[in-house]
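Notes to accompany the following structure.
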Amino acid sequence: MRRDLPIWLGFIGGMVVTLETFFDVKIIKDMSKSFLEWRVVMAAIALFLGGGNMIRIHSKHIQQKKAVNSIILISSMLILFFLGVLDSRGIKSPSYKFIFDNMYTPLSATVFSMNAFYIASACYRAFRVRNGQAAVLLFSGVLVIMGTVGIGAVIWNQFPVISQWILKVPNSAAMRGMSMGAALGMVGVSLRVVLGLERGHLGAQ
């Protein structure tokens, strides 16, 4: 039951949703709609279990007096949870909105601003000219930067034009190729899960 039942459920659900895309059959469409609705329910249950597991893990940290951050995390999560559930207005309640706007948003902006230094460091390491490909990356990166910042247009009015061309033509072509490769990989993994060949999510090696 622990091994075969999840495989059969995944196979049936995946095949029904896939067939609904290609065939206009009422029973298949109804089954697919039911499966998609149950997916929302299962996602909510998984979210609830994840929250409970996080509380369990950080409660152990609090009992061992290891982390003040665990106290802050659990307290914040429970406060926002009860504010969203007990108030009939949900996330639109003034208390919930006040905490979100005045605590979460500034903290989120702080984290992103700190990431800017890591990005700058990564760019410095990536733009070091070691070979021809790195030289092309460095040259195109400088052109895009000069076309994006305001001082680039002051130095030469063609920097924005060149920057837009790089972003729209070679960059878009590369991104489309990467997207197609990722899509093919996702299809392959999905087929392995549906056919029961991929069992890592069941605890198999």
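Figures for the structure shown
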read-out	value
Proximal aspartates and glutamates relative to Lys97, as straight alpha-carbon distance under 13 Å, when same-chain residues fewer than 8 apart are discounted	Asp87
Hull-based mean projected area of region 69-118, where the convex hull spans the alpha carbons, in square nanometres	4.0
Span-like helix ranges in the chain, DSSP H, alpha carbon extent 20 angstrom or more, Kyte mean at least -1.0	4-22, 26-63, 68-86, 105-126, 132-148, 170-194
Ala135-Asn53 pseudo-label distance in nm [points 7 Å out on the Cα-to-Cβ vector]	5.1
Whole-angstrom gap from region 92-142 to region 1-42, using each part's C-alpha centre	40
Stretchable slack from Asn157 to Ala174, in nm (0.36 nm times residue separation minus alpha-carbon distance)	3.5 nm
Separation in nanometres of the label points that stand 7 Å from Cα toward Cβ, at Met186 and Ile91	2.2
Region 64-205: relative contact order as a whole-number percent, Cα under 8 Å and 6+ apart	8
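Values quoted throughout were computed directly from the atomic coordinates according to the rules given, and no laboratory measurement underlies them. Since we're looking at a predicted model, the values are computed, not measured. Cβ coordinates were reconstructed from backbone atoms using ideal geometry, including for glycine residues, and neighbour counts include every protein chain displayed.
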